[in-house]
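See structure below.
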Amino acid sequence: MKLKILSRVILVGTLVIGSLGCVANNNTAPSQPPAANTNAAPVANANNSTAPANNIANVAVTLPLVDALLSDETYSSELKTAVGLNDDEIQKLRDAAREATADLDESEAGPARSTTAATRKAEERVKSILGDDKGNKFLAYVRQNMSGVDPNALANSKPNAVPTDTRVVINAPEFRMDIWENGQLKRSYAVGIGYPEFPLPSGLRKASTIIVNPKWTPPDEPWVKGKFKPGKTVEAGSKDNPLGPIKIPIGLPSLIHGGKSPSRIGEFASHGCVGLTNAQIKDFATEISALGGSPLEGDRLDQLMSKKTETEEVKLANPITVELRYETIVVEDGKLRIFRDVYERGTNTEDNLRRVLDAAGVSLDNLKPTDRDKILDGLKQMAIDATGDPVDANDVNTDSNEKKKDNSSGKVTRNVKGQKEVTFELAELRGKGYPAPVNLMKQ
């Protein structure tokens, strides 16, 4: 039953991605379920099992996601069995999720929202409809299926793990994506990530298909407005196609795709996806097609892209593992880098700092007092969300400025307000840590 329902979750992936703005091509096959530990080394993810970044309970479930999931009748039917929901409860969830989706405003007007506020609002609304017990079961079910992660694998993970295999590693707080080949860092990209209200998930996924010249058919959802009309396909190659020339599904609810302005690279840029410029996505597709055993060599990709009205799927002979990390404290190339807690997961804590330094063989207590004080001050500076509000590590579901962020309608958070990171050079870390970017492509 679990495998069957997982398959159903992926079958509605195009709907979910549509609802979250990382829109899918309705005429192409959905991505495969994000199987954990498949051809993946047990390195990988953020910090460790006790750090909040990796707990499946931290998978963000928002009302627009619920809206998309419940639009599939088969999935809704199976939810009844898995969670024990009845028709009336399903309909009430649909109505509440649809109302919240209709209220979403992506203009520059209105108050900003946050991951915490969007998640908390969804939890409260679900529980008000289903009750605490059944509501918790529903939320746990959705989180488990979205994560694609084996909790046992996370228990063995280490901070800033350096892959020993071939994979793509994306660290959301760093706005960075890397291609690894047989344990060697080959290529790095600066990327755009999901808005805090629609955060990029964490976990192990697979990239198995490169879709060139994707189409987009807007679903019948309240967020489809303006020049987009439900059911009216935006053709491949259209300047209005938000996917750009290439999309690569990496499991519900995310894509790696082009179409982004250079101004959105290094910023929030999507509804749960990794966003690249058209030049970047072309380069990335060329790289992973070769690693996946289906190389788009020479002029082949150019030829496919030139036929703008023809959608082409390139299946990778060997699917590539895609590791989505959330690490705000990183030992990198002999430096300690602390990034903003943009998704409010409560990771910028002294305990987490000690874990990261310990993994590098360095004790915080043994550092020079002046260095230690500067680092702890920097940690405090970065323990704030994208809008500058403090993140409570003891309760990441508590919003310190809820009135500002949890209005029934508001705008998504488009940019990080203020400094994004602090960096410290320490003699004790020389030669240690995750490597610096290689052949970095910024746009």
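The values are calculated or read from the model by the stated rules, or taken from the named source; none is laboratory data. Note that the coordinates shown come from a computational prediction; the quantities given were computed from them, not determined experimentally. Every residue, glycine among them, receives a Cβ derived from its backbone with ideal geometry; neighbour counts consider all protein chains shown.
Points worth noting:
- Among the criteria (1) of a type in the set (Gly, Ala, Ser); (2) buried (at least 23 other Cβ atoms within 10 Å of the Cβ); (3) at pLDDT below 95, the one residue 285 does not fulfil is (3).
- Set side by side, the residues 379, 336, 316 differ, and just one is assigned to a strand (DSSP E or B) and assigned by TED's automatic domain parsing to the domain that holds residue 418, which is 336.
- Leading residue by the ranking (modelled with the lowest pLDDT) among those in the stretch 288-300 that are surrounded by fewer than 18 Cβ atoms within 10 Å (Cβ to Cβ) and part of a helix (DSSP H, G or I): 300
- Residue match in the stretch 185-203 (condition: within 21 Å of residue 251 (Cβ to Cβ) and of a type in the set (S, T, N, Q)): yes
- Number of the exception - residue 427 against (1) modelled with pLDDT of 95 or more; (2) touching a strand residue (DSSP E or B) at 6+ places or on another chain (Cβ under 7 Å); (3) over 25 Å from residue 172 (Cβ atoms): (2)
- All conditions but one from (1) hydroxyl-bearing (Ser, Thr, Tyr); (2) at pLDDT 95 or above; (3) not assigned by TED's automatic domain parsing to the domain that holds residue 160 apply to residue 343; the one that does not is (2).
- Condition broken by residue 404, with the remaining ones in (1) at pLDDT 90 or above; (2) not in a loop (DSSP other than H, G, I, E, B) satisfied: (1)
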